[in-house]
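Scroll down for the structure; my scribbles are underneath it.
The values are calculated or read from the model by the stated rules, or taken from the named source; none is laboratory data. This is a predicted model, so every value here is computed, not measured. Using ideal geometry, Cβ is built from the backbone for each residue, glycine included, and neighbour counts are taken over all protein chains shown. Heavy atoms of the whole protein, side chains included, go into the accessibility calculation; ligands, DNA and RNA do not. Shrake-Rupley method; radii C 1.70, N 1.55, O 1.52, S 1.80 Å.
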Amino acid sequence: MTRRATIEELARWLRARDGFAVIGHVSPDGDAAGSCVAVAAALRAMGKRAFACLPGGMPKMFSRFAGADGVIAAGAKPPFSPEMALALDVSDEGRLGAARALFDGCAARAVLDHHATNPGFGDVCLIDGGRAATGELALELIEALGVPLSREMAEWLYIAISTDSGNFSFSSTTPGTMRAAAKLIEAGADVAGLTRELYRTRPLGRTKLLGIVLSGLEVSGDGRMAWARLTDAMFAQAGALREDSDGIVNYLLEIDGVEFAALAETRGAATKFSLRSKEWLDVAGEVAKPFGGGGHARAAGCTLEMPLEEALGAVLDRAKSALDARN
């Protein structure tokens, strides 16, 4: 049975144990990667054995930051056999992907997450949907553990919080988010350098992919919805990686008058969706969750086990119904 915990209780749970696998979610973003690397580093600073695991390994876009080379992919040989698991930024057990066996194989398991749709799993969990990023909670956890922030930890947590808050521009950004960022800067996070690497540098393949996808975007007759398709052929044409699709859906949402945006991406026989809304549509609760997905009110995702066009039609119908209900 899962027990809900406070930051202090989770910190006590960690202090009493050793041998940690700190695990993020499939298709890891900056929040998952940054939170895992920082918390694993903090546990090691306490003299504990700990390593970070991301199901598909560290995304290339974050691989140039110090500490990235210590992260293992699911299935890779770990530096030791972990006894404890800590899942960070994982909204449900299915999002563990190939790391599910690693998580389930540990004697005790904990979860720290900021997705309000998280049902709660593991032995101990802390879920706070009011945070802009799991990185905020990871910072509080490190503070509760009494570990001084190194520059490396601070920069990974800045990556976590900055990327998941839209560089502090999303509605999820709170005064607490900004206070957390200030602590990280005080600990040595290089804001100018991180901003340049995260937001002002883009691989050629990613740039080409953006142009290809946006050239095929569609908008509904009433202008409230925008969507685009992303196929294997497009990745090949652009010479892009899967991770290069991250953030493309935001360009659709920026169209004047659009409230709902969807990027439909083929994943074998299934279709993966990145969903966004601008002001009032709850894309997690009203669109993603009915299809088994989840996320946040303004940013969510789901995967449908059906071909792209069929899946796209189902998601757009659901979004239209939700929009119409507001009128």
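Quick notes on this structure:
- With respect to the conditions (1) in contact with a helix residue (DSSP H, G or I) (Cβ under 8 Å, 6 or more places away or on another chain); (2) part of a helix (DSSP H, G or I); (3) more than 28 Å from Glu279 (Cβ to Cβ); (4) small (Gly, Ala, Ser), Gly193 falls short on a single one, namely (1).
- Matching residues, the range 187-205, being open to solvent by 30 Å² or more (accessible area, probe 1.4 Å) and free of Cβ contacts under 8 Å to residues at least 12 places away in the same chain: Ala192, Arg196, Arg200, Thr201, Arg202
- Test: Gly129 is modelled with pLDDT of 95 or more and outside any helix (DSSP H, G or I): no
- Residue pairs meeting the criteria (Cβ under 6 Å; at least 6 apart or on separate chains; first at positive phi, in the range 211-240; second modelled with pLDDT of 95 or more): Gly223/Gly257; Gly239/Gly205
- Boolean, Gly97 is out of contact with any Asp or Glu (no Cβ under 8 Å at 6 or more places or on another chain) and either of a type outside the set (S, T, N, Q) or over 29 Å from Ser274 (Cα atoms) (or both): yes
- Residue ID - farthest from His114 (Cα to Cα), chosen from residues in the range 41-96 that are open to solvent by 20 Å² or more (accessible area, probe 1.4 Å) and hydroxyl-bearing (Ser, Thr, Tyr): Ser81
- Of the residues screened, Pro307 is not one that is modelled with pLDDT of 95 or more, touching a Cys at 6+ places or on another chain (Cβ under 9 Å), open to solvent by 50 Å² or more (accessible area, probe 1.4 Å) and not aromatic (Phe, Trp, Tyr).
- Leading residue by the ranking (most open to solvent (accessible area, probe 1.4 Å)) among those in the range 261-279 that are touching a Lys or Arg at 6+ places or on another chain (Cβ under 7 Å) and over 14 Å from Gly313 (Cα atoms): Arg276
- Residue in the range 129-145 that is under 18 Å from Met58 (Cα atoms) and open to solvent by 40 Å² or more (accessible area, probe 1.4 Å) present: no
- Evaluation of Arg224 against (1) surrounded by fewer than 19 Cβ atoms within 10 Å (Cβ to Cβ); (2) farther than 27 Å from Asp31 by Cβ; (3) not acidic (Asp, Glu) (one fails), failing number: (1)
- In the range 281-306, the residues that are in contact (Cβ under 8 Å) with a residue 24 or more places away in the chain reach residues that are among the β-branched types (Val, Ile, Thr) and open to solvent by less than 30 Å² (accessible area, probe 1.4 Å) with C-beta atoms within less than 6 angstrom, at least six apart or across chains, in these pairs: Ala300/Val283; Leu304/Thr271.
- Checked against the criterion of being assigned to a loop (DSSP other than H, G, I, E, B) and among the hydroxyl-bearing types (Ser, Thr, Tyr), the candidates Ser35, Ser27 yield just one match: Ser27.
- The set of residues in the range 152-172 that are in a loop (DSSP other than H, G, I, E, B) and closer than 16 Å to Asp113 by Cα comprises Ser165, Ser172.
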